[in-house]
Each structure stands twice: as structure tokens, then as C-alpha cells.
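Participant: Have a look at this one.
The values are calculated or read from the model by the stated rules, or taken from the named source; none is laboratory data. Being a predicted model, the structure only gives us computed values, none of them experimental. Every residue, glycine among them, receives a Cβ derived from its backbone with ideal geometry; neighbour counts consider all protein chains shown.
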Amino acid sequence: MIHEERPTVPAGIDLILGPYRGALNPDFDTPAFRAALADPRALALGPSARVLLDRRNLVAVAAVPVPPSGLADAVVKMFRVSGFKCFKTLLVPGKAARAWRGADACRGRAVPTPLPMAYLERRTRGVVAEGYYLSAYLPDSVEIRSLLRELPPDDLGRLLAELAKFLGFCHNEGILHRDLSDGNILVRSPRPGSFDLCLIDTNRIRVRRSIPLLVRLRNLVRLGVPPAYQDLFLRLYLGDARAPRLLVFWYRANKSFYAGFVAFKKKLRLRRLAERLGIQ
């Protein structure tokens, strides 16, 4: 993994487009780009958009006009707002604004994340009703989950070494991703056996002055490191050939608890689905 020097992060330009408010990366401040943002819902759901994920939120790839002249693919994340949680936005920024701030914090600390382009939010009576975040699309990247499952042992060992170094760097820089799962780490392999990593889903990023060791280790629990490699990964992260047994036990206990919690949630969802279908 190659860490670039700390970039100078341009301050976002305040963006007002009809009912939407947000911020714009000044590198994309052109009339054509602003026009594409005027209807962000159509951008995310238009016939030319390619949906990557459609669950709680929608993630799509859409072509946007970029300077000096031409088109580039952007990831458009549409945050769906519903339920009582939306009232939190009376007091705190919406998810799109937090995604923008999280990406800005990462880039300011040389933590790789896709280039932020813009975010937009529409509020109704002070509550966020719609939210959109745009970032650069990385076509040659994959989620780390598939690599953790499919790589041969030698390459998996190299990937885990890079992952441990990458996450140690993030934590040392005060970047705490509160949903550090396999789906939120992208990997590019520019050369056989080499891996570049970056963080996505930046609305879940929080910046801390310092991150205690146990908080760091708990942050690693959601990663799908194969059981046979978990001790190795922990040693690589700690930079210790013989990780203290108490830390190994604590890490494994938390992983077991999390695995049980996930299994319970899946079972509960199946039960609810069966009840809705009237087969239980």
C-alpha cells in the first residue's frame, strides 16, 4: 500500500441548487456539473445509472460531466431517510454531510478514500428528507471480502500484512470507521501480489485525537479474517511476533460474540419473513 503525502484538501464550496443545500469540490465547479446535480434523484435512478446496491440506501454509478470537458463515472449514494431516526437531523448533520466530512478528514490525513465530489441534502421543517453523496468511481477495485475468501495462502498473507499496516495507519491518524466491515474496504491490485486499500462508507467515520488499544482491537472484529489467520493478523496489527495472550483472548471473544450476534439477527429476520408469509 502506498501512502501519498498529505494533500492540501480544498475547502468545499457551499452549494445551493433549488431545495438542496450541500457542498461542492471546487475542482468540479462547472455549469455542466452543477446542472447534473440539480436533480440528484434522477442522477441516481436514471436509465443510464448502474445500481451497485439497493438496500437501506441506494448506491449507483452514473456518468457526470467533469472538467475540462468529458464524462467520468461517479458513485452516487442516495441515503433513504425514514422513521424516528430522521428527527436526529434536527440536531446533527445528515448522513450525506457526514460522508463528505468523513472523506475530507481521511484525505486530510492521507488515508485513501475515493475523491469526494459533492453532497446535497433537502430538509423539510428542519429534518433531512433526502441526502446524496457523490465520489469518484474506482473501476478496478473490489471489496476485500472476496479476496479474504479466495486468495491462495501466500497472497492472503501479503494482503493481511497490508491490511494490518493500513488499519494501523488509520488508527494512528485518529480515523475510526464505525462500520469497519469487509464491504467498506476496497482493494486494488496494480501488480500481482501487491494491494492498495481505501475506505468507503465515510459517513460512519469519526475522528479521534487518540484511539485506545482495546477500542482499536474491537474495531477490527467485523472483518472476515479467516479463523486460521486471525492470530497472524492480530500479531501483524500489533507489530508483535508474540501478541499478549490476554489481547488474543479478548479479540477472539469479541469476534465470537459478534458472530453469534450476526447469526441471531439473521435467524430473527428469517422468522419475521416466515411470519409475514404466513408459513410459521
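Participant: Among the numbered criteria (1) farther than 30 Å from residue 167 by Cα; (2) modelled with pLDDT of 95 or more; (3) in contact with a Leu (Cβ under 6 Å, 6 or more places away or on another chain), which one does residue 126 miss?
Facilitator: That leaves (2) as the condition not met.
Participant: Condition check: over 23 Å from residue 207 (Cα atoms), in contact with a strand residue (DSSP E or B) (Cβ under 7 Å, 6 or more places away or on another chain) and buried (at least 20 other Cβ atoms within 10 Å of the Cβ). Does residue 74 satisfy that? Don't jump to the end; show me each part of the working.
Facilitator: Values: over 23 Å from residue 207 (Cα atoms): yes; in contact with a strand residue (DSSP E or B) (Cβ under 7 Å, 6 or more places away or on another chain): yes; buried (at least 20 other Cβ atoms within 10 Å of the Cβ): yes.
Yes; evaluated as a whole, the condition is true for this residue.
Participant: Before we move on, is residue 237 modelled with pLDDT of 90 or more and either over 21 Å from residue 106 (Cβ atoms) or surrounded by 11 or more Cβ atoms within 10 Å (Cβ to Cβ) (or both)?
Facilitator: Considered against the rule, which asks whether it is modelled with pLDDT of 90 or more and either over 21 Å from residue 106 (Cβ atoms) or surrounded by 11 or more Cβ atoms within 10 Å (Cβ to Cβ) (or both), residue 237 comes out as yes.
Participant: Can we say residue 218 is surrounded by fewer than 16 Cβ atoms within 10 Å (Cβ to Cβ) and without any contact (Cβ under 8 Å) to a residue 40 or more places away in the chain? So that I can check it myself, show each step before the final result.
Facilitator: Values: surrounded by fewer than 16 Cβ atoms within 10 Å (Cβ to Cβ): no; without any contact (Cβ under 8 Å) to a residue 40 or more places away in the chain: yes.
For residue 218, the condition - surrounded by fewer than 16 Cβ atoms within 10 Å (Cβ to Cβ) and without any contact (Cβ under 8 Å) to a residue 40 or more places away in the chain - is not met.
Participant: Which condition number in (1) among the polar types (S, T, N, Q); (2) touching a helix residue (DSSP H, G or I) at 6+ places or on another chain (Cβ under 7 Å); (3) surrounded by fewer than 16 Cβ atoms within 10 Å (Cβ to Cβ) is the one that residue 113 fails?
Facilitator: (3)
Participant: OK, next. Report, by residue number, each residue of the range 204-232 that is of a type outside the set (S, T, N, Q), more than 15 Å from residue 161 (Cα to Cα) and either assigned by TED's automatic domain parsing to the domain that holds residue 76 or not in a helix (DSSP H, G or I) (or both).
Facilitator: 205, 206, 207, 208, 209, 211, 212, 221, 222
Participant: Here are the criteria: (1) at negative phi; (2) in contact (Cβ under 8 Å) with a residue 24 or more places away in the chain. Tell me which single one residue 191 does not satisfy.
Facilitator: So residue 191 meets the others, but not (2).
Participant: Can I ask one more? Among the residues in the range 123-131, are any surrounded by fewer than 20 Cβ atoms within 10 Å (Cβ to Cβ), assigned by TED's automatic domain parsing to the domain that holds residue 82 and basic (Lys, Arg)?
Facilitator: Applying the first criterion (surrounded by fewer than 20 Cβ atoms within 10 Å (Cβ to Cβ)) to the range 123-131 yields 123-127, 129-130.
Filter once more, so that each one left must be assigned by TED's automatic domain parsing to the domain that holds residue 82: 123-127, 129-130.
Keeping just the survivors that are basic (Lys, Arg) gives 123, 125.
Yes, because at least one residue in the range 123-131 is surrounded by fewer than 20 Cβ atoms within 10 Å (Cβ to Cβ), assigned by TED's automatic domain parsing to the domain that holds residue 82 and basic (Lys, Arg).
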